[in-house]
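Input: a single structure, listed below in structure tokens.
The values are calculated or read from the model by the stated rules, or taken from the named source; none is laboratory data. Quick caveat, the model's predicted, so the values are computed rather than measured. Here the Cβ positions follow ideal geometry from the backbone for every residue, glycine too, while neighbour counts run over all protein chains shown. Keep in mind that these areas ignore ligands, DNA and RNA; they rest on the heavy atoms of the full protein, side chains included. Shrake-Rupley method; radii C 1.70, N 1.55, O 1.52, S 1.80 Å.
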Amino acid sequence: EAEVAQSPRYKITEKSQAVAFWCDPISGHATLYWYRQILGQGPELLVQFQDESVVDDSQLPKDRFSAERLKGVDSTLKIQPAELGDSAMYLCASSLETGLQLFFGSGTQLSVL
Amino acid sequence: SQKIEQNSEALNIQEGKTATLTCNYTNYSPAYLQWYRQDPGRGPVFLLLIRENEKEKRKERLKVTFDTTLKQSLFHITASQPADSATYLCALPFGGGGATNKLIFGTGTLLAVQP
């Protein structure tokens with residue numbers, strides 16, 4: 001069964017360092033999402049791609065976060081510099097149709113010390 | 001602004017009983033609503049989608065209702081089992097339609113089924 005792949009599974013870093021997360025969506029899924037989930041809360045959308053184009057990044061802290069999906073397939077989310085408040089689960093998802101039946105990866109659990 | 005509310009308190013029920021979870025929303029009229037299940041340390045898994053013109057939808061032991069007048073969805077698990085213990089999230093679309101739609105999630109309700 002096709003899955004969304006994410007790496008790394010866990011990341012521990014010190015504040016002010018740079019971190020990067022990678023996501024490979026299900027083949028053929030044009031829409032790719034990055035969500036952030038703080039413990040006890042629901043996922044919050046950070047950025048949404050349609051193919052290689054960003055269609056929504058209104059909640060992305062652009063002074064420190066960046067995301068790209070250069071060839072419209074896999075994607076990278078970067079944080080530089082990391083802050084203590086960035087500690088959370090970062091989830092990647094993809095879907096065949098925008099907003100319908102999202103398939104999530106297992107996430108990257110980030111701890112900023 | 002749009003708001004999605006789910007019971008923040010955990011729901012504890014006995015095995016074999018029906019679990020009912022609530023999702024309320026305000027300030028808009030979504031074309032559909034989705035329910036996801038999330039286990040600890042894992043990403044959410046899609047369960048069901050119900051459209052605004054559907055009153056009820058079923059899948060095995062799951063049943064979802066969608067009342068657009070009350071702005072509420074109810075999610076039922078019948079004959080609940082300990083394996084059903086997880087956090088259940090409701091999600092609604094927001095945006096201009098098509099590729100600009102984004103899916104907004106509620107905070108989720110933790111269900112614990114006791115054997």
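Of the strands (runs of 3 or more DSSP E) lying entirely inside the stretch A:1-99, those containing at least 1 residues that are open to solvent by less than 10 Å² (accessible area, probe 1.4 Å) and within 10 Å of another protein chain (Cβ to nearest Cβ) span A:31-37, A:44-50, A:88-95.
Restricting B:N53, B:N12 to those that are without any contact (Cβ under 8 Å) to a residue 12 or more places away in the chain, more than 30 Å from A:A5 (Cα to Cα) and either open to solvent by 50 Å² or more (accessible area, probe 1.4 Å) or touching a Phe, Trp or Tyr at 6+ places or on another chain (Cβ under 7 Å) (or both) reduces the list to B:N53.
B:F94: farther than 25 Å from B:A10 by Cβ and either of a type outside the set (S, T, N, Q) or touching a strand residue (DSSP E or B) at 6+ places or on another chain (Cβ under 9 Å) (or both), yes or no? Judged against the criteria, B:F94 is a match. B:T65 passes every criterion in (1) over 25 Å from A:Y35 (Cβ atoms); (2) part of a strand (DSSP E or B); (3) open to solvent by 50 Å² or more (accessible area, probe 1.4 Å) apart from (3).
Has the stretch B:84-104 got any residue that is closer than 27 Å to A:S94 by Cβ and of a type in the set (K, R)? Yes, that holds for at least one residue.
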